[in-house]
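Shown next, in structure tokens, is the structure this report addresses.
The values are calculated or read from the model by the stated rules, or taken from the named source; none is laboratory data. Bear in mind that the values here come from a model prediction, so they are computed numbers and not experimental data. With ideal geometry, Cβ positions are generated from the backbone for all residues, glycine too; neighbour counts draw on all protein chains shown. For the accessible areas, the whole protein counts, side chains as well, though only heavy atoms, and no ligand, DNA or RNA atoms are used. Shrake-Rupley method; radii C 1.70, N 1.55, O 1.52, S 1.80 Å.
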Amino acid sequence: PCLEEFPSMIKLVEKSGGDVVIIAISGDDNKADIETFMKAFGLPKPGIEVVWDKDKAAIQAYGVEKLPESYIVDQNFRLVRKIIGIEDWSTDSAVEFFRAVKNGQVGPNAKPNQ
């Protein structure tokens, strides 16, 4: 599922003109899998960081239940929305959603593709 979703995340970062940063946390068991993933998507790229959660501490801390899970936070690192499952992050409505997050115009139940 992450492989299916990630291209739209890359497009979101590109369309946002630097206003969106993606921090992808990988719970893979070995670093070679992450390196293969990064190579497949031409990473590293500006605005996209891939972090290896080797001991799965972040996965446990956030109570991740199903992959992919996405956490949208504002500039003050406040949680705006948690999304479970695959999302198309490159739609016009998703890009507008992130602009609204940046401008402080998003309520707690808003979704990127409403």
- Item | Criterion violated by LYS56 - all others in (1) at pLDDT 90 or above; (2) in contact with a Phe, Trp or Tyr (Cβ under 9 Å, 6 or more places away or on another chain); (3) of a type outside the set (Asp, Glu); (4) open to solvent by 50 Å² or more (accessible area, probe 1.4 Å) satisfied | (2)
- Item | Restricting the range 88-107 to residues that are of a type in the set (Asp, Glu) and without any contact (Cβ under 8 Å) to a residue 24 or more places away in the chain, the residue that is most open to solvent (accessible area, probe 1.4 Å) | ASP92
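Taking the range 70-87 as the region of interest, how many residues are part of a strand (DSSP E or B) and either touching a residue at least 24 places away in the same chain (Cβ under 8 Å) or open to solvent by 30 Å² or more (accessible area, probe 1.4 Å) (or both)?
Residues meeting the conditions: 9.
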- Query: Only one residue in LYS31, LYS66, LYS39 is among the charged types (D, E, K, R), open to solvent by 100 Å² or more (accessible area, probe 1.4 Å) and within 17 Å of PRO1 (Cα to Cα). Which one?
  - Reply: LYS66
- Message: Looking only at the range 1-55, count every residue that is of a type in the set (Asp, Glu) and not in a helix (DSSP H, G or I) and tell me the total.
- Response: 6
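Each row is one residue, and each column tells you yes or no for (1) touching a Lys or Arg at 6+ places or on another chain (Cβ under 7 Å); (2) among the hydroxyl-bearing types (Ser, Thr, Tyr).
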{"position": "SER26", "(1), (2)": "no, yes"}
{"position": "PHE37", "(1), (2)": "no, no"}
{"position": "GLY47", "(1), (2)": "no, no"}
{"position": "TRP52", "(1), (2)": "yes, no"}
{"position": "ASP55", "(1), (2)": "no, no"}
{"position": "ILE59", "(1), (2)": "no, no"}
{"position": "LYS66", "(1), (2)": "no, no"}
